[in-house]
Amino acid sequence: MRHLLSAADLDRTTAIEVLDAAAQMAATQAREIKKLPTLRGRTVVNLFFEDSTRTRISFETAAKRLSADVINFAAKGSSVSKGESLKDTAQTLQAMGADAVVIRHPASGAPHRLAHSGWVGTSVVNAGDGTHQHPTQALLDAYTIRRHLTGTTANPDGVGNDLAGLRVAIVGDVLHSRVARSNVQLLHTLGAEVTLVSPPTLVPVGAEAWPCSISYHLDAVLADQQPDAIMMLRVQRERMGGDRTGATGFFPSPLEYTRSFGLDSRRLRMLPDHAIVLHPGPMNRGLEISAEAADSPRAVILEQVANGVAVRMAVLYLLLAQERETLA
Ligand code: CP
């Protein structure tokens, strides 16, 4: 792998290789000394043009646990406010010795542009671009699902396994969700059966061609399909506009959204006993997920965050350390 820009970059073999490497990384994180020398002398730049808590911190943690030097760049407070372009910003950071650039950007396609424009010679990792892709989120979700639903006493992380036969429901604001787009692709690649559940207004044009089914009725999906995992999506109100009543152009009121598409304790009880609840965060408690559901024993939301470090260690390792091994 030279770059990781999209879940579509990962075929089944490569995806399992990343998940298996993440399991090895996770094992090292249970040790007293968590740091590995793997990327000593390499520099990872975190280039964040959009807000982030989980992704930015976990990429930073992952790079540091692999002994890389880390440069954190946030557009707020930088020369971007003076009009500096993505090209000039990236080339400035490469001049300081970057080996990999982890980029989050509000514009869909910005990581692809950076990787293929010839502006920089580094590896590029997409940490979320617009409504397009968030491949490391999909990998950490797949890792979490695989561990919980295919792990055994002899193989607790499900190493070597794909997700064949598992049913995953992805619920909510699909239209604005790079997480949904990445997950549909990766979960399908790994053999899972994916159902998107959303109000019709929040289903993107063209979604009928994606490798999943689409429903507008959450209760029916829970009752009929009995999903093994349910992934609640954040309602991205900042991308919707709306008025002081909470109405948006996409649903009449927050209460009506919650009644039809929110995960609450009644819907939690409709799930099979083994089913798990995922959310990429940040959560709108009381809108797409109730506090009871978010804090229930079925919720693996904080595990997703912890697994994000191991998955991002694996991605940086496969991009940078293997490249060095090949060159040696
Ligand atoms: N899941 C996710 O991308 O969260 P952040 O926006 O906090 O990075």
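Reported count of residues in the stretch 283-295, each being in a helix (DSSP H, G or I) and in contact with a helix residue (DSSP H, G or I) (Cβ under 6 Å, 6 or more places away or on another chain), is 2. Looking only at the stretch 128-144, residues that are in a loop (DSSP other than H, G, I, E, B) and open to solvent by less than 10 Å² (accessible area, probe 1.4 Å) come to 2 in all. Looking only at residues in the stretch 71-97 that are surrounded by 17 or more Cβ atoms within 10 Å (Cβ to Cβ) and within 16 Å of the ligand (Cβ to nearest atom), which one is modelled with the lowest pLDDT? Result: A75. Being part of a loop (DSSP other than H, G, I, E, B), assigned by TED's automatic domain parsing to the domain that holds L139 and farther than 22 Å from H148 by Cβ is a property that holds for G242. All of A306, A310, A293, A314 fail the test of being at pLDDT 95 or above, among the small types (G, A, S) and farther than 27 Å from A100 by Cβ, apart from A293.
Examine the stretch 2-14 for a residue that is assigned to a helix (DSSP H, G or I), modelled with pLDDT of 95 or more and either touching an Asp or Glu at 6+ places or on another chain (Cβ under 9 Å) or over 27 Å from S182 (Cα atoms) (or both), and state whether such a residue exists. Looking through the stretch 2-14, at least one residue is assigned to a helix (DSSP H, G or I), modelled with pLDDT of 95 or more and either touching an Asp or Glu at 6+ places or on another chain (Cβ under 9 Å) or over 27 Å from S182 (Cα atoms) (or both). Just to be sure before I move on: is A27 loosely packed, with under 15 Cβ neighbours inside 10 Å and closer than 22 Å to A154 by Cα in the structure I sent? Answer is yes for this residue. Looking only at residues of the stretch 296-319 that are open to solvent by 10 Å² or more (accessible area, probe 1.4 Å) and not in a helix (DSSP H, G or I), we find that the one that is nearest to L4 (Cα to Cα) is A299. Per the listing K34, K64, the residue uniquely more than 12 Å from the ligand (Cβ to nearest atom), touching a strand residue (DSSP E or B) at 6+ places or on another chain (Cβ under 9 Å) and not acidic (D, E) is K64. If you go through the stretch 86-127 and pick out every residue that is of a type in the set (A, V, I, L, M, F, W, C), more than 22 Å from R54 (Cα to Cα) and in a helix (DSSP H, G or I), you end up with 6.
Looking across V168, V159, one residue alone is touching a helix residue (DSSP H, G or I) at 6+ places or on another chain (Cβ under 7 Å), open to solvent by less than 10 Å² (accessible area, probe 1.4 Å) and either at positive phi or not in a helix (DSSP H, G or I) (or both). It is V168. When A293, A275, A247 are checked against the criterion of being of a type outside the set (V, I, T), within 18 Å of L149 (Cα to Cα) and open to solvent by less than 70 Å² (accessible area, probe 1.4 Å), A275 stands alone in meeting it.
The condition (being part of a loop (DSSP other than H, G, I, E, B) and within 16 Å of the ligand (Cβ to nearest atom)) is satisfied by just one residue among P280, P272, P252: P280. Scanning the stretch 171-197 for residues that are open to solvent by 40 Å² or more (accessible area, probe 1.4 Å) and hydrophobic (A, V, I, L, M, F, W, C) yields one hit, L175.
Within the stretch 242-271, residues that are under 24 Å from A169 (Cα atoms) sit with their Cβ atoms under 6 Å from residues that are among the β-branched types (V, I, T) and open to solvent by 20 Å² or more (accessible area, probe 1.4 Å), at 6+ positions apart or across chains, in these pairs: F250/T201. Any residue at all in the stretch 110-120 that's under 20 Å from A321 (Cβ atoms), touching a Leu at 6+ places or on another chain (Cβ under 9 Å) and within 13 Å of the ligand (Cβ to nearest atom)? Checked the stretch 110-120: no residue is under 20 Å from A321 (Cβ atoms), touching a Leu at 6+ places or on another chain (Cβ under 9 Å) and within 13 Å of the ligand (Cβ to nearest atom). Among the residues of the stretch 191-207, those that are out of contact with any strand residue (DSSP E or B) (no Cβ under 7 Å at 6 or more places or on another chain) and either farther than 18 Å from G286 by Cα or not assigned by TED's automatic domain parsing to the domain that holds R181 (or both) comprise G191, P200, T201, L202, P204, V205, G206. Only a single criterion out of (1) away from the ligand (no atom under 16 Å from the Cβ); (2) under 29 Å from Q91 (Cα atoms); (3) hydroxyl-bearing (S, T, Y) is not satisfied by T55, namely (1). The residue pairs whose first member lies in the stretch 48-63 and is closer than 14 Å to H134 by Cβ, whose second member is at pLDDT below 95 and within 8 Å of the ligand (Cβ to nearest atom), and whose beta carbons are closer than 7 Å, counting only pairs six or more residues apart or on different chains, do not exist in this structure.
The values are calculated or read from the model by the stated rules, or taken from the named source; none is laboratory data. As the structure is a prediction and not an experimental result, all values here were calculated from the model. Counting neighbours? That spans all protein chains shown, and the Cβs are built from the backbone with ideal geometry, glycine included. Calculation scope for accessible area: heavy atoms of the full protein, side chains included, ligands and nucleic acids excluded. Shrake-Rupley method; radii C 1.70, N 1.55, O 1.52, S 1.80 Å.
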